[in-house]
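Novice: Following this message is one structure expressed as structure tokens.
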Amino acid sequence: MTSKFTELAIDCADPDGLARFWCSVLGYEVQEEGDGIVTIGSPAVPEGKSRLGPVPPTMTFARVPEGKTVKNRLHIDVNPTDSEQDEEVRRLLDLGARHADVGQTGEESWVTLADPEGNEFCVLAGRHP
């Protein structure tokens, strides 16, 4: 027996705002919202975790009182699907991301950004799914 990865839960101060940001990044849509929790997912696979086989994971944003204080131990990597890395980085910066320093050397093939609440993520290069 095995499990499949179906959901990523993210604590945050502004679930609605962070959900809108990630919907724009990933082309996702809001699937559920209420009481300080917003879940987003792929419109191409709305049945999500009840579907057999691999599925694009949903993301659930839950309001918590404490803020982010240290570098993430887990982060998201994204791959541009219809543009080059530098174009995608510019698009994400326009959406509200910002550059993040997590100790890069400058030789990396990825670009490290942070979402509007400071959660680090990377924009990879050369891997168009």
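We did not get these values from a lab; they are worked out from the coordinates using the rules stated. In this text, all values refer to a predicted model and were calculated from it rather than measured experimentally. Here the Cβ positions follow ideal geometry from the backbone for every residue, glycine too, while neighbour counts run over all protein chains shown.
Novice: Would you compute, from DSSP H runs of 4+ residues alone, the mean residue ellipticity of the chain at 222 nm, taking -39500 (n - 2.57) per run and dividing by the full residue count, rounded to the nearest 500?
Specialist: That calculation yields -5500 deg cm²/dmol at 222 nm.
Novice: Under unit Cβ charges (Lys, Arg +1; Asp, Glu -1), what dipole magnitude, rounded to 20 debye, does region 76-123 have relative to its Cα centre? Kindly include the intermediate steps, with their values, before the conclusion.
Specialist: Working: 3 positive and 13 negative charges, 29 e Å.
Here region 76-123 has a charge dipole of around 140 debye.
Novice: Shifting gears a bit: So how long is each side of region 1-47 along the principal axes, counting just the alpha-carbon atoms, biggest first, in Å?
Specialist: Ordered largest first, region 1-47 gives principal extents of 37, 21, 18 Å.
Novice: Something else now. Starting at the first residue of region 76-88, write each ³J(HN,Hα) from the Karplus equation 6.51 cos²θ - 1.76 cosθ + 1.60 with θ = phi - 60°, in whole Hz, x for Gly and Pro.
Specialist: Result, ordered by residue: 9, 10, 10, 10, x, 9, 9, 7, 7, 4, 5, 5, 5 Hz.
Novice: Arrange HIS99, HIS75 by Cβ neighbour counts within 10 Å, fewest through most, would you?
Specialist: HIS99, HIS75
Novice: Subtract the Cα-Cα distance of THR6 and ARG73 from 0.36 nm times their separation in residues, and report this length gain in nm to one decimal.
Specialist: Additional length available on full extension: 22.2 nm.
Novice: Going by amide H atoms built from the backbone, whose H comes under 5 Å of the H on GLU7, apart from near neighbours?
Specialist: Amide H neighbours of GLU7, under 5 Å, 5+ apart: THR58.
Novice: I'd like the Karplus ³J(HN,Hα) series for region 22-33: coefficients 6.51, -1.76, 1.60, θ = phi - 60°, whole numbers in Hz, and an x wherever there's a Gly or Pro.
Specialist: The phi angles translate into 5, 4, 5, 5, 9, x, 8, 9, 5, 9, 8, 7 Hz.
Novice: Please report Rg over Rh for region 76-123, where both radii come from the alpha carbon positions and Rh follows the Kirkwood definition.
Specialist: Reported Rg/Rh (Cα atoms, Kirkwood Rh): 0.93.
Novice: Taking the Cβ of each residue in PHE61, PHE21 as the centre, tally the other Cβ atoms inside 10 Å and list the residues starting with the fewest.
Specialist: PHE21, PHE61
Novice: Let me ask you something else. Please turn the phi angles of region 55-68 into ³J(HN,Hα) values with the Karplus equation 6.51 cos²θ - 1.76 cosθ + 1.60 (θ = phi - 60°), one per residue in order, whole Hz, x for glycine and proline.
Specialist: 9, x, x, 7, 10, 10, 10, 10, 5, 10, x, 8, x, 6
Novice: If you count the DSSP beta bridges with both ends in region 7-63, what percent of them are antiparallel, to the nearest 5?
Specialist: That works out to approximately 60 percent antiparallel.
Novice: If you work out Rg and Dmax of the Cα atoms in Å from the coordinates, which of [x] 24.0, 71; [y] 13.2, 40; [z] 15.1, 43 do you get?
Specialist: [z]
Novice: If you take every DSSP beta bridge whose two residues both sit in the chain, what share of them, in percent to the nearest 5, is antiparallel? Please list the in-between numbers first.
Specialist: Values: 15 of 24 bridges.
Bridges in the chain that DSSP calls antiparallel: roughly 60 percent.
Novice: Would you list TRP22, TRP110 from fewest to most Cβ contacts within 10 Å? Write out the running numbers ahead of the final one.
Specialist: Details: TRP22 24, TRP110 18.
Least crowded to most crowded, the residues run TRP110, TRP22.
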